[in-house]
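Student: Sending over a structure as structure tokens; questions will come in a sec.
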Amino acid sequence: MFTVQAAGGAGMSREQWAAVDAYLVEKLVAHDPALLAALEESALAGLPPIAVSPMQGKLLHLYVRLLRATRVLEIGTLGGYSTIWMARGLAPGGRIITLEYEPTHAEVARRNFQRAGVSDIIDVRVGRAIDSLPKLQQEADDPFDLVFVDADKASIPEYFEWSLKLTAPGSVIIVDNVIRDGAIIDLESTDPNIIGIRRFNEMVAAESRVSATAIQTVGLKGYDGFAFLLVG
Ligand code: SAH
Ligand code: DHB
Ligand code: MG
């Protein structure tokens, strides 16, 4: 079990973070049956349990509302749990495009969107994100207000480059899983995911078009974090 040896020591465990998340969910996050069903159906279909936590989903939802977003891009759909959270926050006329490599994940997600009553406003594109992204640019639609990057971590540098091409000043880019139990400060790491995240941070450091922060989080999903980038 992963335990943090920090001031306070005893009790600062993954179990406690999950228990606190459960308490916060009960107090702050309305139980939407379609969101719960999306998680249940994803588990039944054998999808890995790596969707954002309810608290993180609500945070994404609040960002969508704060931005009054009508154009959202998600890279990495899984069963569509995060997608439904964001769809629930879209301004009238708003739409989400979500990119997923695994046809089975996309199929589960589509069923979940139907149940949640959001299939009309979500466009699931199956294939490698790196192949779908150039097509989005060719479509020459309006820039995305928000991009949520949550697919394979090794490709985060490429997804960041594409996010810059597909957004405009005022847009926000959020990247999930940028802390990974703190492994991102391991200079020796040969894990392609960690190398991808470290390269992404170097690119952000050298990129004058974005203003960035990253927040370390604990909770239901252990110790990880979000990067938050404002374009312009
Ligand atoms: N955003 C989801 C979780 C996504 S998990 C949620 O919070 O509910 C990551 C997803 O990215 C998985 O479904 C995986 O199949 C997908 N993925 C992995 N590599 C990919 C790629 N190269 N292109 C598109 N999707 C990819
Ligand atoms: C894991 C968690 C994620 O949020 C994700 O997008 C991919 C993998 C994980 O815990 O392995
Ligand atoms: Mg994630």
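Student: Hey, which lysines would be in cross-link range of Lys58, C-alpha to C-alpha under 18 Å, not counting anything within fewer than 8 residues on its own chain?
Tutor: By straight Cα distance, Lys58 reaches Lys27, Lys221.
Student: Among Tyr101, Gln114, Gly127, which residue has its Cα furthest toward the positive end of the charge dipole of the stretch 65-185, with +1 on Lys/Arg Cβ and -1 on Asp/Glu Cβ?
Tutor: Of Tyr101, Gln114, Gly127, it is Gln114.
Student: What is the diffusion coefficient of the chain in µm²/s, taking the Kirkwood radius over Cα pairs and the Stokes-Einstein relation at 20 °C with a viscosity of 1.002 mPa s? Can you show the working numbers first?
Tutor: On the way: Rh = 18.2 Å.
My calculation gives 118 µm²/s for D.
Student: Continuing with this model, one more query. Which residue, chosen from Met203, Ala227, Pro49, occupies the Cα position most advanced towards the positive end of the dipole of the chain, where the dipole is computed from +1 (Lys, Arg) and -1 (Asp, Glu) charges on Cβ about the Cα centre?
Tutor: Selected residue: Ala227.
Student: GNM, the chain, Cα, under 10 Å: largest mean-square fluctuation among Met86, Met203, Met12?
Tutor: Evaluated over the chain, the most mobile residue of the options is Met12.
Student: Would you mind telling me which residue in Val124, Val149, Val218 has the biggest mean-square fluctuation in a Gaussian network model of the chain, where springs connect alpha carbons within a distance under 10 angstrom?
Tutor: Val218
Student: Would you please state the base-10 log of I(q)/I(0) at q = 0.16, 0.17, 0.19 1/Å for the stretch 70-200, with intensities from the Debye formula using one equal scatterer on every alpha carbon?
Tutor: At q = 0.16, 0.17, 0.19 Å⁻¹ the computed log10 ratios are -0.80, -0.89, -1.07.
Student: Let me ask another. What shape does the stretch 14-115 have by the C-alpha gyration tensor, where a ≥ b ≥ c are the square roots of the eigenvalues, rounded means a/c under 1.5, and otherwise prolate means a/b greater than b/c and oblate the rest? Kindly include the intermediate steps, with their values, before the conclusion.
Tutor: Working: a/c = 1.85, a/b = 1.09, b/c = 1.69.
Oblate shape, in that a/c is at least 1.5 and b/c is the bigger or equal ratio.
Student: With a ≥ b ≥ c the root eigenvalues of the C-alpha gyration tensor of the stretch 34-76, is it rounded (a/c under 1.5), prolate (a/b larger than b/c) or oblate?
Tutor: prolate
Quick note: the coordinates plus some simple rules give every number you see, no bench work behind them. Small disclaimer: the values here were computed from a predicted structure and weren't measured. Neighbour counts run over all protein chains shown; Cβ positions are idealised from the backbone, glycine included.
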